[in-house]
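Below is one structure, written out as structure tokens; the observations come after it.
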Amino acid sequence: MNGRIGVFIHAEDPISEAGLASQLRRQPELHLVDGEEPAGATVAVVVADEVDEETARVVRSMRRSGPKVVVVATRLDDTGLMHAAEAGACAMLRRSEAQPRRLVDAVCTAAAGDGTLPPDLLGRLLENVGRLQRQVLSPRGMTLTGLTEREIDVLRLVADGLDTAEIARRLAYSQRTIKNVIHDVTMRLNLSNRSQAVAYAVRQGLI
């Protein structure tokens, strides 16, 4: 399609879908992917009144199919914001702000792997994430990655090439404890071995 971005539209009602399709079809950077499934699309635009559990389910389904997801919602409160972020949406717009040029910019940004949020929503999202870390994760010794500080320390030393005995000496734990930590991490994150655990930590920016 001459480098144009494939866009799939999912809307709760056909009128919203037709209106959005009419806007986007005129944009030279984009081409619409027709059909019931987003196969071949780079970005899926999900249109809803609010981001509730059902909308979050749709976002997760789209992400499993491959496209990045832009959510356009009539109402975006703090709960909806977290629902969309947790489901994997990389851009969110209020319907009242989704003028053609702004929507195209959000789609292009999503296709490039980046995110878009209205400034006030970004501030609220960061505030909610900070509250989650302070009130829920930190008291349990965990971080936003789902790993404890001890697990992160062990993975860093594994990445440095230390064996189990060396890690145990360095951290003043028993070898059994180190083995259990590595086993717990690999099982919880559905990883196969130490190498995959280290790769995960690298991707998360932990080491």
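For the stretch 21-60, name all the residues that are part of a helix (DSSP H, G or I) and touching a residue at least 60 places away in the same chain (Cβ under 8 Å). Talk me through it step by step, then tell me what you get.
Kept after step one, since they are part of a helix (DSSP H, G or I), are these residues of the stretch 21-60: 21-25, 53-60.
Within the stretch 21-60, Gln23, Leu24 meet the criteria.
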Matching residues in the stretch 17-29 - criterion: being of a type outside the set (A, V, I, L, M) and over 25 Å from the mean Cα position of the chain (by Cα): Gly19, Ser22, Gln23, Arg25, Arg26, Gln27, Pro28
Any hit, the stretch 81-104, residues being hydroxyl-bearing (Ser, Thr, Tyr) and under 18 Å from the mean Cα position of the chain (by Cα): no
Selection status of Ala11, buried (at least 23 other Cβ atoms within 10 Å of the Cβ) and either without any contact (Cβ under 8 Å) to a residue 60 or more places away in the chain or within 17 Å of Val104 (Cα to Cα) (or both): no
Hits in the stretch 85-116 (condition: within 14 Å of Lys68 (Cβ to Cβ), out of contact with any helix residue (DSSP H, G or I) (no Cβ under 6 Å at 6 or more places or on another chain) and modelled with pLDDT under 85): Ala85, Gly113, Asp114, Gly115
Unique match (being in contact with a strand residue (DSSP E or B) (Cβ under 7 Å, 6 or more places away or on another chain) and either not assigned by TED's automatic domain parsing to the domain that holds Asp114 or not hydrophobic (A, V, I, L, M, F, W, C) (or both)) among Glu36, Glu29, Glu54, Glu86: Glu29
Matching residues in the stretch 81-105 - criterion: being among the charged types (D, E, K, R) and either in a helix (DSSP H, G or I) or crowded, with 21+ Cβ neighbours inside 10 Å (or both): Glu86, Arg95, Glu97, Arg101, Arg102, Asp105
Selection from the stretch 17-49 of residues that are crowded, with 18+ Cβ neighbours inside 10 Å, out of contact with any Ser or Thr (no Cβ under 7 Å at 6 or more places or on another chain) and small (Gly, Ala, Ser): Ala41, Ala44
Residue match in the stretch 167-178 (condition: of a type in the set (S, T, N, Q), outside any helix (DSSP H, G or I) and either under 23 Å from the mean Cα position of the chain (by Cα) or over 27 Å from Glu86 (Cβ atoms) (or both)): yes
Members of the stretch 179-195 that are modelled with pLDDT of 85 or more, charged (D, E, K, R) and under 27 Å from Glu86 (Cα atoms): Asp184
Lone unmet requirement of (1) modelled with pLDDT under 75; (2) assigned to a helix (DSSP H, G or I) for Ile207: (2)
Among residues of the stretch 14-26, those that are in contact with a strand residue (DSSP E or B) (Cβ under 6 Å, 6 or more places away or on another chain) and more than 21 Å from Cys108 (Cβ to Cβ), counted: 1
Lone unmet requirement of (1) in contact with a Ser or Thr (Cβ under 9 Å, 6 or more places away or on another chain); (2) under 26 Å from Glu86 (Cα atoms) for Val198: (1)
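The values are calculated or read from the model by the stated rules, or taken from the named source; none is laboratory data. As the structure is a computational prediction, the values presented were derived from the model and not from experiment. FYI the Cβ positions are ideal-geometry reconstructions off the backbone, even for glycines, and counts take in every protein chain you see.
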